[in-house]
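Accompanying notes for the structure given below.
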Amino acid sequence: MTPEQMAVVDDWPEERQVQFRQWPGEVQGYYWTLVPERQELFWRLADGDKLAMVAMDETGREAAWGQIETQVGATEPTEPTADADPVEETEPVEEVEPMDEAHSEHSDPMKRT
């Protein structure tokens, strides 16, 4: 990791730091290639899905991201309209469902060996 990336990790809550450090190096490296919006979505993926994403070619990754972003409604943030109530509560975003290629044969797919 670069010094800038290490500073970012050091600013995260302890639980997130521990989880990130348990990811294999290729998963950590892929994480840093993502734009901030996708980095946040990446945290919500199951560990097996993170591994599957890293194993895909670029075309497969973009297709998977398209599905993920559509599923969580993150493709285009919408601006509130003038009629919108500024204190109106919004519905929480649903968790992302695992992709078809989950590595269920591994009890802890992100555990380093």
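The values are calculated or read from the model by the stated rules, or taken from the named source; none is laboratory data. Everything numeric here is computed off the predicted structure, so don't read it as measured data. Don't worry about glycine lacking a Cβ; one is built from the backbone with ideal geometry, like all the others, and counts go over all protein chains shown. These accessible areas exclude ligands, DNA and RNA; they are computed on the full protein's heavy atoms, side chains included. Shrake-Rupley method; radii C 1.70, N 1.55, O 1.52, S 1.80 Å.
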If you take the residues of region 1-19 that are over 28 Å from residue 70 (Cβ atoms) and hydrophobic (A, V, I, L, M, F, W, C), which of them is least open to solvent (accessible area, probe 1.4 Å)? 9
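Please determine whether any residue of region 41-60 is more than 17 Å from residue 4 (Cα to Cα), in contact (Cβ under 8 Å) with a residue 60 or more places away in the chain and among the small types (Gly, Ala, Ser). Quick ask: steps written out before the conclusion?
Here is the first cut: in region 41-60, the ones more than 17 Å from residue 4 (Cα to Cα) are 41-60.
Next, only the ones that are in contact (Cβ under 8 Å) with a residue 60 or more places away in the chain stay: 47-48, 50.
Filter once more, keeping what is among the small types (Gly, Ala, Ser): 48.
Within region 41-60, one or more residues are more than 17 Å from residue 4 (Cα to Cα), in contact (Cβ under 8 Å) with a residue 60 or more places away in the chain and among the small types (Gly, Ala, Ser).
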Selection within region 20-59 - under 18 Å from residue 70 (Cα atoms) and not in a helix (DSSP H, G or I): 34, 35, 45, 46
Quick check on region 62-84: of everything there that is open to solvent by 40 Å² or more (accessible area, probe 1.4 Å) and in a helix (DSSP H, G or I), which residue is modelled with the lowest pLDDT? 71
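State yes or no: is residue 33 loosely packed, with under 12 Cβ neighbours inside 10 Å and modelled with pLDDT of 90 or more? Can you show your working first?
Values: loosely packed, with under 12 Cβ neighbours inside 10 Å: yes; modelled with pLDDT of 90 or more: yes.
Considered against the rule, which asks whether it is loosely packed, with under 12 Cβ neighbours inside 10 Å and modelled with pLDDT of 90 or more, residue 33 comes out as yes.
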